[in-house]
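Student: Here's a structure for you.
The numbers here are math on the coordinates, done by the rules we state, and not lab data. All figures in this text were calculated on a predicted structure; none of them were measured in a lab.
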Amino acid sequence: MPHYDLIIKGGTVVTASDTTQCDVGIRDGVIATLGIDLGEADRVIDATGKLVMPGGIDSHVHIAQPSGEGIVMADDFESATRSAAFGGNTTIMPFCLQENGKGLREAVTAYHGLADGNCYTDVSFHLILSDPTEQVLGQELPALVEDGYTSFKVFMTYEGLKLDDKEILDVMATARETGALVMVHAENYDAIRFMTERLERAGKTAPLYHGKSRPIVVEREATHRAISLAELVDVPVMIVHVSNREAMEEIRRAQSRGLKVYGETCPQYLVLTEQDMDGLNMEGAKYVCSPPPRDKESQVACWEGIQTGVFSVFSSDHCPFRYDDPEGKLIPKGRTSFRWVPNGIPGVQTRLPILFSEGVSKGRITLNEFVALSATNHAKTYGLYPRKGSIAVGADADIAIWDPERKVTITEALTRDGADYTPYEGMEVTGWPVITILRGAVVIDEETLVGGKGYGKHLSRDRSPLAAPR
Ligand code: URP
Ligand code: ZN
Ligand code: ZN
């Protein structure tokens, strides 16, 4: 009889395509056998009544990212990956930001310095291009793509990050030549500046007006433009953090025209609304992110985008700042307008429980769709498949065991990131990840962190199969 390091016994194994009653035999960090009566193991986990699913892959998180003068992100790699593991994730994909006037390679080196040896989950970096000079596009970027940093994000808004259309076209052309995948933050910078100035002149400076300064049309226009620019260059594009029907319809229309346009949405667009930013005093700042949460109809639209496949990935856009902190959401006195509130909310731990509860438990999506949205499609989109994102012989043994019946109330005390609040405080969910396993090693064992810091490592990726062929 073969011997295993670990057997997961008696559970229901769910992948993006199948649901099977079988045991999982793990040896040397990979899935060795799927079957029954597998024999002996150093450890056997009884998963009777539980779901055995691929560990979550969150392809959109921000960790320790430079965020402007006096502002500090709440997570380092230790706290972010710990929180991710508690949320049933085994790989997360943070953004490595090129600072203006600096090179991309030095940003990557510095980011490795922060991550290496500090992670509980695997990580893999996307790049953010803020200064696409000839040197960056001609030399650094192609070399980094060769080295396995095969996706990068561009911004159509934010001071210091925003690229103009010509720059975006140059970046897209480089993506086409190198076979990298471009991700776009689609909001119109000038329109937001215009709205912000008008609101401020009218004394409308509370967090609620963050949403008013970047209404749906601002996102729809930029989404349309990003797709048009990608069409011009003939390059695939991923529109990230889509918040509403009009932007979703732009993507759907492009897809139905045969363009390689992909979409991502996030929990905040399914369960939060603009009204959340209308709290007493500065409480609304806890929900300030971009694009902002919209209205109930937008939530319905985002579900429709999920159910019809317009959105292929569901990510957290985890971007945590502490609330009760002048380096976070409670900006120093003198900076009295919403425009100074750092954009972003925590969510790497709550992404999957919210999708499971609102999606699977409420009958909006199937278990297999849950797996596709939470892991498999991320791996396929970003060049990690089939090593990651599935339960298959030969794949890394990255597994989350879920109790589909467990009812949990989300609270700040439960979330293990570096923020001092959760935007989902008090939300009841049905379904919870109880054990997280990374490459065969148990990281979270029933509410307890047992994994070793530093076991998580950086993954170089293949080119995305969705990117332009070379
Ligand atoms: O408000 C957000 N989403 N902050 C994170 C940065 C980004 O645009 O993804
Ligand atoms: Zn963004
Ligand atoms: Zn983001």
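Student: What is the gain in length, in nm to one decimal, between Q275 and T133 on full extension, counting 0.36 nm per residue of separation less the C-alpha to C-alpha distance?
Tutor: Here the answer is 47.0 nm.
Student: Next up: Suppose a student asked you for the relative contact order of the chain, using Cα pairs under 8 Å spaced at least 6 residues apart; what percent would you report?
Tutor: 23
Student: Would you mind checking which residues have amide H under 5 Å from G347's amide H? H placed 1.01 Å from N; only 5 or more apart, or other chain.
Tutor: The list, which skips near neighbours in sequence, is C319.
Student: Follow-up. Quick one: Karplus J couplings for region 455-470, per residue in order, coefficients 6.51, -1.76, 1.60, θ = phi - 60°, nearest Hz, x for Gly and Pro?
Tutor: My calculation for region 455-470 gives 6, x, 9, 7, 10, 6, 10, 6, 5, 5, x, 7, 6, 4, x, 10 Hz in order.
Student: For region 20-31, just list the computed ³J(HN,Hα) in residue order, Karplus coefficients 6.51, -1.76 and 1.60, θ = phi - 60°, integers in Hz, with x standing in for Gly and Pro.
Tutor: Per residue, the Karplus-derived 3J(HN,Hα) values read 9, 8, 7, 9, 10, x, 10, 9, 6, x, 10, 6 Hz.
Student: Moving to a separate point now. Okay, helix-only estimate at 222 nm for the chain: each DSSP H run of n ≥ 4 adds -39500 (n - 2.57), divide by all residues, round to 500 deg cm²/dmol; what do you get?
Tutor: Taken over the chain, the calculation gives -7500 deg cm²/dmol.
Student: Pull up the DSSP beta bridges for the chain and report the antiparallel fraction as a percent, rounded to 5.
Tutor: 45
Student: Nearest 10 degrees is fine. How inclined is helix 165-178 to the longest principal axis of the chain, computing both from alpha carbons?
Tutor: It works out to around 30 degrees.
Student: Residue by residue, what Karplus-based ³J(HN,Hα) values in Hz, rounded to whole numbers, does region 210-224 have, using 6.51, -1.76 and 1.60 with θ = phi - 60° and x for Gly and Pro?
Tutor: 4, x, 5, 7, 9, x, 3, 4, 5, 6, 4, 4, 5, 5, 4
Student: Right, next: Subtract the Cα-Cα distance of R193 and E327 from 0.36 nm times their separation in residues, and report this length gain in nm to one decimal.
Tutor: Between R193 and E327, full extension yields an extra 45.9 nm.
Student: Among K9/K453; K212/K286; K296/K362; K204/K333; K212/K296; K50/K388, which pairs are too far apart, with a Cα-Cα distance over 19 Å?
Tutor: In this structure, K9/K453; K50/K388 lie more than 19 Å apart at Cα.
Student: In units of 2.2 N^0.38 Å, what is the alpha-carbon radius of gyration of the chain?
Tutor: The chain yields a ratio of 0.93.
Student: Jot down the per residue volume, in cubic angstrom and as a whole number, of the convex hull over the alpha-carbon atoms of region 372-468.
Tutor: 144
Student: Using all alpha carbons of region 1-134, what is the percent of pairwise distances in each 5 Å bin, ordered from the shortest bin to the longest?
Tutor: Binned Cα distances yield the sequence 2, 9, 15, 15, 14, 11, 10, 8, 7, 5, 3, 1, 0.
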